[in-house]
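*Asks:* Below is one structure. I have some questions about it.
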Amino acid sequence: MLRAATAADFPFVRALAGRPENAPFITDEDEAALARYLEDPTTRLLIWEVSGKPAGYALFCTLGDPSGGVELRRLALDVTGGGQGQRFIRALLDHAFGPLGAARVWLDASGENPRAMQTYTRAGFTLEGRLRQHWYRPALGRVVDLMLYGMLRAEWESLEPVPARA
């Protein structure tokens, strides 16, 4: 289940962003930056709950853009594996194309994050481009390629259901 984040969720969000396996790929923002997302009508910071407990978070941006494009800027799971990523992404897509009214959802991934790239492709996203040596990652100390993925509403509508247990 997805729900709006509150300030009480900031420690959870920051803990996920700060994990060693996530730090090269996710920007860890302080509480003031996270609070701005709660106030900004063009963003939605969401918590994904499983069995009533936080299991992941996501940040949607560019809501209300005249193009209908919505950016899925940030997402992270507490526990990965077992199809959890596919269920999480499907919940995010359903929210973006449903309540948020997106015509298109896009996201990016580090060219050095094969797990994310595989997950996005498996979820039905199309690789739309590669920005070579584009994104400086302090945790890595170097610039990496940025991979751009997108999905149109019609593509979302044609997706097969995600099994409850993968």
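*Asks:* Just give me the residues in the range 124-166 being among the hydroxyl-bearing types (S, T, Y), exposed (fewer than 12 other Cβ atoms within 10 Å of the Cβ) and either in contact with a Leu (Cβ under 6 Å, 6 or more places away or on another chain) or assigned to a loop (DSSP other than H, G, I, E, B) (or both), in sequence order. Walk me through how you get there before you give the answer.
*Replies:* Of the range 124-166, the ones among the hydroxyl-bearing types (S, T, Y) are 126, 136, 149, 158.
Filter once more, so that each one left must be exposed (fewer than 12 other Cβ atoms within 10 Å of the Cβ): 136, 158.
Selection gives S158 alone.
*Asks:* Check every one of the strands (runs of 3 or more DSSP E) wholly within the range 52-123 and list those with 1 or more residues that are among the acidic types (D, E). I'd like the intermediate steps shown before the answer.
*Replies:* Working: elements: 53-61, 69-77, 104-110.
By residue number, 69-77, 104-110.
*Asks:* Take the conditions surrounded by fewer than 18 Cβ atoms within 10 Å (Cβ to Cβ) and either of a type in the set (K, R) or out of contact with any strand residue (DSSP E or B) (no Cβ under 8 Å at 6 or more places or on another chain) (or both) and apply them to G101. Does it pass?
*Replies:* Details: surrounded by fewer than 18 Cβ atoms within 10 Å (Cβ to Cβ): yes; either of a type in the set (K, R) or out of contact with any strand residue (DSSP E or B) (no Cβ under 8 Å at 6 or more places or on another chain) (or both): yes.
Yes, satisfied.
*Asks:* Kindly indicate whether A32 is touching an Asp or Glu at 6+ places or on another chain (Cβ under 9 Å) and in a helix (DSSP H, G or I). I'd like the intermediate steps shown before the answer.
*Replies:* Working: touching an Asp or Glu at 6+ places or on another chain (Cβ under 9 Å): no; in a helix (DSSP H, G or I): yes.
Here the answer is no, as A32 does not meet what is asked.
*Asks:* Give the range 105-156 a look and list any residue that's charged (D, E, K, R) and farther than 12 Å from F25 by Cβ, or say none.
*Replies:* So the first thing to find is which residues in the range 105-156 are charged (D, E, K, R), and the list is 108, 112, 115, 122, 128, 130, 132, 137, 142, 145, 153, 155.
Hits for the range 105-156 are R122, E128, R130, R132, R142, D145, R153, E155.
*Asks:* Also, quick follow-up: Would you confirm, using the coordinates I've provided, whether A35 is in contact with a helix residue (DSSP H, G or I) (Cβ under 9 Å, 6 or more places away or on another chain), under 22 Å from W106 (Cα atoms), surrounded by fewer than 18 Cβ atoms within 10 Å (Cβ to Cβ) and at pLDDT 95 or above?
*Replies:* On the way: in contact with a helix residue (DSSP H, G or I) (Cβ under 9 Å, 6 or more places away or on another chain): yes; under 22 Å from W106 (Cα atoms): no; surrounded by fewer than 18 Cβ atoms within 10 Å (Cβ to Cβ): yes; at pLDDT 95 or above: yes.
No: the conditions fail for A35.
*Asks:* Here is a further query. Report, ordered by the first and then the second residue, all pairs with beta carbons closer than 6 Å, sequence separation of six or more or different chains, a first member in the range 11-33 that is within 19 Å of Y136 (Cβ to Cβ), and a second member that is at pLDDT below 95 and in a loop (DSSP other than H, G, I, E, B).
*Replies:* As it stands, the answer is A17/I26; A17/D28; G18/D28; A23/A139; P24/A139; P24/L140; F25/N113, since those pairs meet every condition given.
The values are calculated or read from the model by the stated rules, or taken from the named source; none is laboratory data. This structure is a prediction, so every number in the text was calculated from the model and none was measured. Every residue, glycine as well, gets a Cβ built from its backbone with ideal geometry; the counts of neighbours run over all protein chains shown.
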